Amino acid sequence: MSKPIISPSLLSANFLNLQKDLEIINKSEADWLHIDIMDGVFVPNISFGFPVLQYVAQACTKPLDVHLMIVQPEKFIKEVKGLGSMMMNVHYETCTHLHRVIQQIKDAGMQAGVTLNPATPVCVLKDIITELDMVLLMSVNPGFGGQKFIPQTLNKVKELRALIEETGAHALIEVDGGVNLETGKLLVEAGADALVAGNAVFKAPDMLQMISDLKNL
Ligand code: DX5
Ligand code: ZN
């Protein structure tokens with residue numbers, strides 16, 4: 001079993017001292033930085049927007065893994081690319097023309113990911129899986145950090161792994177919500193490639209140690 005990709009979620013950082021938290025992330029074993037953009041429409045919360053993220057992008061040396069919890073995410077492809085993002089994840093539930101949005105993200109020069117809410121089954125990706133660089137499975141209902149992991153996600157990871165193998169797709173499997181040392185281990189065993197962790201990392205007494213522990217589950 002190879003080591004998981006670790007993507008700490010900025011949502012749980014100290015917004016009064018982002019620079020300090022980002023310096024820790026930069027020198028940690030984290031692979032990416034996960035960025036949650038919310039609109040108060042698709043999800044019942046608002047996080048941060050591009051004026052803040054421009055500074056985050058300047059201060060962070062890790063590739064940006066951007067998760068848009070907004071309606072009409074295609075409107076912001078240029079802005080997400082403008083941050084220098086590696087990956088843009090859009091929710092399946094927000095895209096009527098998902099195939100078109102995925103092509104637009106790729107045409108902009110980013111990797112393309114599709115995110116599924118907990119109640120959205122893996123099978124909806126059957127006809128697009130080979131186009132994707134990543135599938136992000138939500139293991140909580142999106143909108144807030146610090147929620148409890150939904151165990152059914154473990155079955156979804158296995159189902160998604162089977163779909164990827166069956167179709168010869170190359171998509172990575174990332175999981176987001178309630179990830180800690182315990183649930184992280186179960187997810188990696190089930191076949192997850194990448195773990196997002198907000199509270200587990202940013203509320204840990206020693207962030208560097210926690211990131212290292214997640215990396216070496
Ligand atoms: C929730 C976000 C998550 C969140 C995870 O809507 O997508 O990325 O930051 O936070 P934890 O790891 O605390 O559940
Ligand atoms: Zn997220």
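The values are calculated or read from the model by the stated rules, or taken from the named source; none is laboratory data. The model shown is predicted, which means the values in this text are computed figures rather than measured ones. Here the Cβ positions follow ideal geometry from the backbone for every residue, glycine too, while neighbour counts run over all protein chains shown. Note: areas computed on protein heavy atoms with side chains; ligands, DNA, RNA excluded. Shrake-Rupley method; radii C 1.70, N 1.55, O 1.52, S 1.80 Å.
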Check your understanding: assigned to a helix (DSSP H, G or I), within 16 Å of ligand 2 (Cβ to nearest atom) and either modelled with pLDDT of 95 or more or surrounded by 15 or more Cβ atoms within 10 Å (Cβ to Cβ) (or both): does that describe PHE144?
Key -> no
Review point. Going through region 45-68 one residue at a time, which ones are more than 10 Å from ligand 1 (Cβ to nearest atom), in a loop (DSSP other than H, G, I, E, B) and either closer than 23 Å to VAL101 by Cα or out of contact with any Leu (no Cβ under 7 Å at 6 or more places or on another chain) (or both)?
Key: ILE46, PHE48, GLY49, THR61, PRO63
Practice item. Scan (1) more than 24 Å from LYS62 (Cα to Cα); (2) more than 16 Å from the chain's Cα centre (by Cα) for the single condition TYR92 breaks and write down its number. Key: (2)
**Study point:** Which listed residue, of GLU79, GLU74, GLU29, is within 20 Å of ALA204 (Cα to Cα), away from ligand 2 (no atom under 16 Å from the Cβ) and not small (Gly, Ala, Ser)
**Key:** GLU29
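Here is a yes/no grid of residues against (1) surrounded by 20 or more Cβ atoms within 10 Å (Cβ to Cβ); (2) farther than 21 Å from ALA108 by Cβ:
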site: PHE15; (1), (2): no, yes
site: GLN19; (1), (2): no, yes
site: LEU33; (1), (2): yes, no
site: SER47; (1), (2): yes, yes
Exercise for review: Report yes if some residue within region 108-122 is assigned to a helix (DSSP H, G or I) and away from ligand 1 (no atom under 16 Å from the Cβ); otherwise report no.
Suggested key: yes
Practice item. Considering every residue within region 87-95, establish whether at least one is β-branched (Val, Ile, Thr), within 13 Å of ligand 2 (Cβ to nearest atom) and in contact with a Gly (Cβ under 8 Å, 6 or more places away or on another chain). Key: yes
Check your understanding: Taking region 87-107 on its own, how many of its residues are of a type outside the set (S, T, N, Q), within 16 Å of ligand 1 (Cβ to nearest atom), under 17 Å from GLU131 (Cβ atoms) and open to solvent by less than 70 Å² (accessible area, probe 1.4 Å)?
Key -> 4
Point to revise | Residue, surrounded by the most Cβ atoms within 10 Å (Cβ to Cβ), within region 147-169, restricted to residues that are out of contact with any Gly (no Cβ under 6 Å at 6 or more places or on another chain) and among the β-branched types (Val, Ile, Thr) | key: THR153
Study note, to complete from the structure: Note: among LEU186, LEU172, just one is open to solvent by 20 Å² or more (accessible area, probe 1.4 Å), more than 12 Å from ligand 1 (Cβ to nearest atom) and more than 25 Å from SER85 (Cβ to Cβ), namely LEU186
